[in-house]
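Data block below; observations after.
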Amino acid sequence: MTNASWPDQRLLPNLPGTYALVLRLDRPLVLAAGRLAPAALRPGLFVYVGSGRGPGGLRGRVGRHLRADKKTHWHIDALTALAPVMRVWLVESAERRECLWAQAIRALPGVTVPIAGFGASDCACGAHLLALPADGMAAAWAALGCPAEIILSP
């Protein structure tokens, strides 16, 4: 799925930082991501937390996730090919915050881990993909300290 409403990726900072992708899944699907066993996902809202530390920083990493023309490399690539990214939350920082963000969202009422290990193959977190309750987007954003937000679709 493409993100046709995505503005110019040059608007993203070319610096290291942490980001969260908010995705909406409108129908159930079975997702096969990397070495993880195929998993059934129900329709709803999901947040994936990651970091942009390599070449291009947040611009390089988030911009890649939003492109339709990419090879599947990370777990999230399999999901972004099937579910649109609605919002991007981000903060520029040399500090690694992705695990803290995943833990902060996971602690919210009604949040679940839909696929154990998803996006967390290089840390001790249970997962970096989290399923939100239908009304949980504002609480998740607030739990992260209200980072910068880019809205791609309502």
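The values are calculated or read from the model by the stated rules, or taken from the named source; none is laboratory data. Model, not experiment: these values are computed from the prediction. Note that we place each Cβ from the backbone using ideal geometry, even for glycine, and neighbour counts take in every protein chain shown.
Taking the stretch 32-42 as the range and being touching a Pro at 6+ places or on another chain (Cβ under 8 Å) and at pLDDT below 80 as the test, only A32 passes. When you check L132 against the structure, is it surrounded by fewer than 19 Cβ atoms within 10 Å (Cβ to Cβ) and at pLDDT 95 or above, yes or no? So L132 does not fit the description; no.
Checking G50, G110, G60 one by one, the residue that is farther than 22 Å from G145 by Cβ and either at pLDDT below 90 or of a type outside the set (F, W, Y) (or both) is G60 and no other.
For beta carbons closer than 7 Å, sequence separation of 6+ or different chains, a first residue in the stretch 55-67 that is touching a residue at least 24 places away in the same chain (Cβ under 8 Å) and a second that is charged (D, E, K, R) and not in a helix (DSSP H, G or I), the qualifying pairs are L58/E92. When residues in the stretch 67-88 are screened for being in contact with a Phe, Trp or Tyr (Cβ under 9 Å, 6 or more places away or on another chain) and at pLDDT 85 or above, 6 of them pass.
Output yes when any residue across the stretch 98-106 is farther than 20 Å from A148 by Cβ, out of contact with any helix residue (DSSP H, G or I) (no Cβ under 8 Å at 6 or more places or on another chain) and either free of Cβ contacts under 8 Å to residues at least 40 places away in the same chain or among the small types (G, A, S) (or both), and no when none is. The answer is yes; a qualifying residue exists. Does the stretch 24-54 hold any residues that are touching a Leu at 6+ places or on another chain (Cβ under 6 Å) and closer than 15 Å to G119 by Cα, and which are they? Result: L31, A39, F46, V47, Y48, G52.
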